[in-house]
Amino acid sequence: MKKIKYLFSSLILLSLLVSVISCENTNENLVKERGVAVVPGISNLEPAFYTTDFENTFIEFDVDLPEGETVDEAELYATFNGKTALIQPITSFPITITLKLQDVMTKLGLTENDVDVVDNNLFDFNIRTTSGGITTTSKAGAMRIFVTCEFDPAMAVGSYHFVTNDWDAEGDVTFTADPNDPYKIFVTGIYAAEGGEPNDLAMELNISPTSFEVSGPKSRLGDKAPWGSYTNYYYQPTSGLFKSCTGTFEMKIAITVDQGSFGGPWTFVFTRNE
């Protein structure tokens, strides 16, 4: 009954949200901000993570300014665990930048012992531009890079246990890779773990080889919800991350039936059974 309530609660919440948005005063005066900040853009980030091969791993990306814009100065900074350092000035646009992890760590005064792939592995980069004496940063000129292990196909398949406090479900499932694509994973057993009749229907997960981000199409797991009278039961991964050192999948998943959505997306964690 708890999950049946979610269906109606989400619809009521959506109606209230639309009402609030429609009444919101958006007459913010943005004229005074025009021409003040020049926002650089980062694109073509590949690979989008560092590996534990500290001496050789790197990231590469392009930086450019909006057409017709110029800046007096641009600098790339990195932050790790509270430490911030200038990595390099940017003297021309567009530009392709290659950043070796070892060089970044040297600028930050870090050793390999300072980086833990489980608990302390995030590097934040941002581009600061100065124009007309005003220095600014923006989300478009920032990125977060994590340090992880190389992709091992064997770490993304096998017996898994999932937990989701959001959706109030838990159980054991099986991860199987597409025989022609180790980055495409099929998850079976979720429907049975939720109380449905066991079947072979699977949720599809697609791991990005360049970022380890995970997404997937809408997958039908059963002809009806495992509870209630709803018809057809779907899971759709909306976002997620594959942690290649442990084989853990941390996911956001939307759950729907033909009659509508249960809100969400809901947080799921899939951990390998040892």
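The values are calculated or read from the model by the stated rules, or taken from the named source; none is laboratory data. Bear in mind the structure is a predicted one, so any value in this text is a computation, not a measurement. In this analysis, Cβ positions are derived from the backbone assuming ideal geometry, glycine residues included, and neighbour counts consider all displayed protein chains. Ligands, DNA and RNA are stripped out before the accessible areas are found, and what is left, the full protein with its side chains, is counted by its heavy atoms. Shrake-Rupley method; radii C 1.70, N 1.55, O 1.52, S 1.80 Å.
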Seminar exercise, completed: Counting only strands (runs of 3 or more DSSP E) entirely within the stretch 137-237, those with at least 2 residues that are under 21 Å from the mean Cα position of the chain (by Cα) and closer than 30 Å to Ser43 by Cβ are 142-148, 181-188, 202-207
For this session: Give the residues of the stretch 47-93 that are part of a strand (DSSP E or B) and among the aliphatic types (A, V, I, L, M), sorted by residue number.
Result: Ile59, Val63, Ala74, Leu76, Ala78, Ala85, Leu86, Ile87
Exercise. Mind checking which pairs have a first residue in the stretch 102-113 that is within 9 Å of Ala78 (Cβ to Cβ) and a second that is of a type in the set (Val, Ile, Thr), Cβ under 6 Å, 6 or more apart or different chains?
Worked result: Lys107/Ile87
Exercise. Given (1) surrounded by fewer than 18 Cβ atoms within 10 Å (Cβ to Cβ); (2) over 25 Å from Thr210 (Cβ atoms), where does Val71 come up short, assuming only one miss?
Worked result: (1)
Seminar exercise, completed: Leu101 meets each of (1) at pLDDT 95 or above; (2) exposed (fewer than 15 other Cβ atoms within 10 Å of the Cβ) with one exception, condition (2)
Seminar exercise, completed: Of the residues in the stretch 151-180, those that are open to solvent by 40 Å² or more (accessible area, probe 1.4 Å), closer than 16 Å to Met203 by Cα and of a type in the set (Asp, Glu) come to Glu170, Asp172
Seminar exercise, completed: Per the filter on the stretch 107-121, residues aliphatic (A, V, I, L, M) and open to solvent by 70 Å² or more (accessible area, probe 1.4 Å) are Val118
For this session: Taking the residues in the stretch 238-274 that are assigned to a loop (DSSP other than H, G, I, E, B) and over 21 Å from Tyr50 (Cα atoms) as candidates, determine which candidate is modelled with the lowest pLDDT.
Result: Glu274
Problem set entry | Selected residue (criterion: least open to solvent (accessible area, probe 1.4 Å)) from residues of the stretch 248-268 that are in contact with a Leu (Cβ under 9 Å, 6 or more places away or on another chain) and of a type in the set (S, T, N, Q) | Thr248
Seminar exercise, completed: Listed by first then second residue, the pairs whose first member lies in the stretch 137-164 and is in contact (Cβ under 8 Å) with a residue 60 or more places away in the chain, whose partner is among the β-branched types (Val, Ile, Thr) and in a loop (DSSP other than H, G, I, E, B), with beta carbons under 6 Å and at least 6 positions apart or on separate chains, are Ser138/Val39; Ala140/Val39; Val147/Val115; Val147/Val117; Thr148/Val117; Cys149/Thr52
For this session: Only residues that are free of Cβ contacts under 8 Å to residues at least 60 places away in the same chain and either over 18 Å from Ser208 (Cα atoms) or of a type in the set (Gly, Ala, Ser) (or both): list them for the stretch 235-256, please.
Result: Tyr235, Ser239, Gly240, Ala254, Thr256
Exercise. Based on what the data block shows, is Thr129 among the hydroxyl-bearing types (Ser, Thr, Tyr), in contact with a helix residue (DSSP H, G or I) (Cβ under 8 Å, 6 or more places away or on another chain) and farther than 17 Å from Asn56 by Cβ?
Worked result: yes
